[in-house]
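The values are calculated or read from the model by the stated rules, or taken from the named source; none is laboratory data. Just so it is clear, the model here is predicted, and its values are computed rather than measured. FYI the Cβ positions are ideal-geometry reconstructions off the backbone, even for glycines, and counts take in every protein chain you see. Accessible surface is based on the protein model in full, side chains and every heavy atom, while ligands, DNA and RNA are left aside. Shrake-Rupley method; radii C 1.70, N 1.55, O 1.52, S 1.80 Å.
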Amino acid sequence: MHAAASLRAFIELHLTAFRAVIAGTDPEGTDMDAPRLEEWTPVLRGAQLSLAGNVEGHPALGKTQIVTSPLIHVSEDDQWARTLSRWYRLGAPLATDTANAFPETAVAGYCEILAPDVLSVPLHFARRLTDKRPVRMAKQAFELGFDDLVPALTLVARTWPTIGDEKITR
C-alpha cells in the first residue's frame, strides 16, 4: 500500500509540474525569484533526465553546483526550465568544446561524461524525452489503476507545448 501511495504522489507531482508548464512562467509574479541556473546542460543520471549547472538563489541550496530534480520542460527560447520541483531561470548553457574530440566534424549532438554516473546530452534529445513524459505518465497512471488521474494527464498530453512549428509524434 505504501508503494502505491508513493507512486501516486510521484504522478501527482508530475501533474502539478505539467500544469505549470502549460500555464507558463510568471516572471513578474510568483516566478520572479526562481533560482538562476548558469553553465547548464541536460544530463542523464541513470534513467533520470535532469539539468546540471551552477545555481544561484536556490531556496534550500543557495549558490552551488547542482543536478536538479527530473526535467519536465525547457522553454523554446531557452530562458526557462521546469523541473519536478520548480522553475529555473536559465542563463548561459555549458559550452562544450568539441574541436579536440572531433577536429574534422561539427558535432551538434555531443555527449560528455561529467561524472561517473552523469552524462550530458544534447538539448534537442532532452526535449524529445520531455515531450513524451505526459503520455508516459498517463499510461503509467492507467496501468497502476489511478483512473481519476488519467483524464487530467491525457488533457495535459494533448495541450503540451510544441517544439518549433510541429508537435512531436507521440
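Are there any pairs, at least 6 apart or on different chains, whose C-beta atoms fall under 7 Å, with the first in the range 56-73 and without any contact (Cβ under 8 Å) to a residue 60 or more places away in the chain and the second open to solvent by 30 Å² or more (accessible area, probe 1.4 Å) and assigned to a loop (DSSP other than H, G, I, E, B), and if so, which?
GLY57/ASP33; SER69/SER85
Suppose we filter the range 118-151 for residues that are in a strand (DSSP E or B) and not hydroxyl-bearing (Ser, Thr, Tyr); how many remain?
Residues meeting the conditions: 2.
Quick test of your reading of the structure: ALA95 fulfils all but one of (1) of a type in the set (A, V, I, L, M, F, W, C); (2) assigned to a loop (DSSP other than H, G, I, E, B); (3) modelled with pLDDT of 90 or more; (4) more than 30 Å from LEU149 (Cβ to Cβ). Name the failing condition by number.
For ALA95, the failing item is (3).
Tally time: how many residues in the range 7-52 are within 18 Å of TRP160 (Cβ to Cβ) and small (Gly, Ala, Ser)?
The qualifying residues number 4.
Sort through THR68, THR16 and tell me the only one that's within 21 Å of LEU129 (Cβ to Cβ) and surrounded by 17 or more Cβ atoms within 10 Å (Cβ to Cβ).
On inspection, the qualifying residue turns out to be THR68.
Kindly indicate the residue of the range 28-54 that is in contact (Cβ under 8 Å) with a residue 60 or more places away in the chain and open to solvent by 60 Å² or more (accessible area, probe 1.4 Å) and also farthest from VAL74 (Cα to Cα) among those meeting that condition.
GLY46
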